[in-house]
Structures are given as C-alpha cells and as structure tokens.
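The values are calculated or read from the model by the stated rules, or taken from the named source; none is laboratory data. Predicted, not measured: the structure shown is a model, and the values here were computed from it. Note that we place each Cβ from the backbone using ideal geometry, even for glycine, and neighbour counts take in every protein chain shown. Remember, those area values only see protein heavy atoms, side chains included, never the ligands or the DNA or RNA. Shrake-Rupley method; radii C 1.70, N 1.55, O 1.52, S 1.80 Å.
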Amino acid sequence: MRFATLPNGTPDGRLYIVSRDNARCTASTTAETLQAALEDWDALTPKLQAEYDALNAGGGEPFEGAKALAPLPRAWQWLDGSAYENHADLMQTAFNLPPLDSGGYPLMYQGISNQFLANAEDVLMRDEADGIDFEGEFGVITKAVPMGKTDTADSIALVIQINDWSLRVVGPREMKTGFGWIHAKPACSVAPVAVTPDELGASWRDCRVDLPLNLHWNGEWFGSPNAYPMAFGLDELVAHGAYSRALPAGTIVGTGTVSNTNYDEVGSACIAERRAIELVATGEATTPFMSFNDTVRLECTAADGSPLFGVIEQKVVKADA
C-alpha cells in the first residue's frame with residue numbers, strides 16, 4: 001500500500017491512499033490521518049488494503065506529490081541511526097575526532113519530531129556559515145513497539161525516504177559536549193509517499209532498502225549510493241530504540257546517511273562525506289557547503305524505474321532575522 005498526507009488546515013493533514021504508479025489518490029474512508037491508522041494498524045490493514053485495491057482498479061483524483069505534506073507531519077519520536085560504517089569512518093576523519101567505540105551497538109540519536117518538512121517546501125536556514133548540508137537516507141514508521149522487543153521486523157509499518165538536514169560547522173561543537181544535538185539538526189524533510197515494505201518487492205531485503213538513492217545538487221549529479229550495506233538492519237535499529245522504552249505507534253527510525261565504500265563510482269549522499277573523501281585524498285576539503293538559493297533533489301525509484309516514494313526537491317532560503 002501507498003499513503004500520502006495532503007493539507008487540510010490541520011497540523012496532521014488528511015490521509016490519502018496513493019495508487020501503485022503514484023499517479024492517483026483518494027481520501028481514505030478508514031482513517032482521517034496516518035497517525036490514526038497507525039494506532040490500530042493491524043485491525044485497519046484489511047480495510048486500507050481494500051481501498052488501495054479499489055484505487056488501483058480505477059478512479060481517484062490526480063496525485064501531485066509536490067502539494068503533499070510529509071506523510072507524518074509530526075511524530076511521537078524521531079530516532080536516527082548511523083548504520084553505514086563507511087560514513088561513520090569518514091565523518092570521524094572530517095571532524096578530526098578519535099575513533100568511536102560503540103561497543104557493538106548501533107549509533108543513534110533522538111532528533112526533533114514535532115515537525116517534518118514537506119518535500120517541496122523551502123528550507124529556512126539562518127546562516128550559510130553554519131555549514132548547511134543535506135543527508136539522504138531512508139527510514140521506517142513503526143506500529144507500537146513494546147519495551148524490550150528484539151524481533152521487530154513485524155513492527156515496521158511503512159518505509160519512507162528522508163533528507164536529514166545538518167549544520168556541519170555547529171555539529172562538532174555539540175558532539176564534543178557528550179550530549180545530543182540541538183542546533184546542528186534542524187527539521188528533516190520527507191518524500192511525499194510512504195509505502196508498505198511489500199511495495200519494494202525483492203528490493204526490501206533483510207529489513208534494508210536494496211536500491212540506490214539518487215541525489216542532485218543545483219541540478220548536478222552528486223551521488224547514487226545503494227542503501228543495502230547497513231551494519232544493522234532497520235529492524236535492529238527499531239529494537240535498539242526500544243531497549244529501555246516503549247515506542248509509540250508513529251515512531252520514525254532512520255538509517256543515517258546512505259554510504260558506500262565504492263564512493264569513487266557512486267558518489268555520496270551528503271557534502272560532509274565528499275569533503276572527508278577530499279581531505280583523505282589531498283589533505284584539503286574543497287567542496288563548499290550549501291548556499292542560500294541552492295537546491296537539492298533526492299529520489300529513489302524501483303528496480304524497473306517506476307516511482308516509489310516520490311521526489312524531495314527543495315531550495316535553501318535565508319530565514320528572517
């Protein structure tokens with residue numbers, strides 16, 4: 001199944017079912033919002049599936065992803081992992097930090113969840129000197145997860161595509177405090193369509209998205225790293241988040257920035273990683289961070305080229321003082 005949230009003047013928007021080709025949609029008669037559907041996901045799934053099947057048989061109205069909100073415009077929790085070891089290693093180099101010993105556990109932080117930006121929404125930033133960066137990644141939206149649950153594959157309701165914005169100049173200062181990020185992590189952006197794992201077919205493997213994430217910066221190709229080579233699957237990241245707390249329905253858990261060891265061929269999913277690669281290769285990072293009026297575009301398509309999550313395409317603009 002595929003879902004989107006369209007604006008209706010309320011903070012949580014209105015839940016719509018989206019057709020398999022992302023061309024048509026219809027307002028759900030089963031739940032008013034995606035959060036309401038998630039609260040009783042298992043019981044409502046047959047009704048939602050019937051709506052999806054009916055839409056794919058015909059009818060509905062045109063779906064314009066650029067007019068959609070994030071599938072969950074606000075969520076109970078946002079837990080972002082860093083499951084790509086290559087990215088973590090390069091970031092240690094970029095920030096001139098000692099090797100991080102995680103004790104065999106996934107890296108994860110809790111970010112702001114009261115706001116997720118729409119896919120075509122201008123992104124407000126205060127200062128170019130903060131080191132504005134995009135981060136392409138994937139995530140899942142969960143059903144309710146009891147504290148201590150370890151086998152959480154069946155807790156994953158939906159898969160989403162994320163741009164996790166970062167302020168790279170601010171980040172090292174906050175990392176050195178030993179506490180969490182506050183200034184360095186603004187609100188994330190989310191592609192318009194959330195999909196059930198089965199929509200990915202064989203590309204949903206070991207609770208990982210086995211597809212490339214294509215990124216363009218100011219119209220120029222930046223990277224297409226494949227999302228599969230995670231050190232921990234998304235089920236393991238969900239379980240890590242639930243170790244000492246119950247996760248409410250509607251928790252979003254992210255993979256962290258997609259990263260591949262063959263970055264010379266496939267590029268990167270964030271500027272900081274490219275700068276780290278330059279630093280290792282030449283002793284100097286030359287690629288600048290983003291400027292006001294820069295644009296970034298992220299899209300992951302199915303193996304046959306058909307649409308999945310839709311497009312994130314945004315412009316960075318200066319926030320009013």
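Computed with every protein chain present, the accessible area of T45 is close to 40 Å² [probe 1.4 Å].
Please report the carbon-and-sulfur percent of the accessible area for the chain; probe 1.4 Å, protein heavy atoms only, DNA, RNA and ligands left out.
52
Pull out a ≥ b ≥ c, the square roots of the eigenvalues of the alpha-carbon gyration tensor of region 1-61, then state rounded if a/c is under 1.5, prolate if not and a/b is larger than b/c, and oblate in the remaining case. Here region 1-61 falls in the oblate category. Note the full-extension length gain between A54 and L279 as 0.36 nm times their separation in residues minus their Cα-Cα distance, in nm to one decimal. Result for the pair: 75.6 nm of gain on full extension. With contacts taken as Cα pairs under 8 Å at a separation of at least 6 residues, region 236-321 carries a relative contact order of 16 percent. Under 1.5 on a/c is rounded, so check that first for region 50-168, then, if it is not, pick prolate when a/b is larger than b/c and oblate when it is not; a ≥ b ≥ c are the square roots of the alpha carbon gyration tensor eigenvalues. Judged from the Cα gyration tensor, region 50-168 comes out oblate (a/c at least 1.5, b/c at or above a/b). Quick one: Debye curve from the alpha-carbon atoms of region 250-321 only, equal weights, vacuum; give me log10 I(q)/I(0) at q = 0.24 Å⁻¹ to two decimals. For region 250-321, the Cα-only Debye profile gives -1.21.
Averaging the sequence gap over all C-alpha pairs within less than 8 Å and six or more residues apart, then dividing by the number of residues, gives the chain a relative contact order of 23 percent. Within the straight-line cut-off of under 25 Å between alpha carbons, the lysines reachable from K67 are K185, K315, K318, sequence neighbours fewer than 8 places apart in one chain being disregarded. Under 1.5 on a/c is rounded, so check that first for region 134-202, then, if it is not, pick prolate when a/b is larger than b/c and oblate when it is not; a ≥ b ≥ c are the square roots of the alpha carbon gyration tensor eigenvalues. The shape class here is oblate. Amide H contacts of F222: L215, H216, W217, each under 5 Å away and 5 or more positions distant or on a separate chain (H built 1.01 Å from N in the peptide plane; Pro and chain starts excluded). So what is the relative contact order of region 129-241, in percent, for Cα pairs below 8 Å that sit 6 or more residues apart? Contact order relative to length: 27 percent.
3J(HN,Hα) along region 243-248: 4, 10, 8, 7, 9, x Hz, from the Karplus curve 6.51 cos²θ - 1.76 cosθ + 1.60 with θ = phi - 60°, whole Hz, x for Gly and Pro. Note on K149: aspartates and glutamates with a C-alpha under 16 Å away, same-chain residues under 8 apart excluded, are D235, E236. Summing Cβ point charges (Lys, Arg +1; Asp, Glu -1) relative to the Cα centre of the chain gives a dipole of roughly 580 debye. For region 2-8, backbone phi angles converted through the Karplus equation (6.51, -1.76, 1.60; θ = phi - 60°) give residue-by-residue couplings of 10, 9, 9, 10, 9, x, 9 Hz, Gly and Pro being listed as x.
Computed on protein heavy atoms with a 1.4 Å probe, the accessible areas place D12, D164, D42, D53 in the order D42, D53, D12, D164, largest first.
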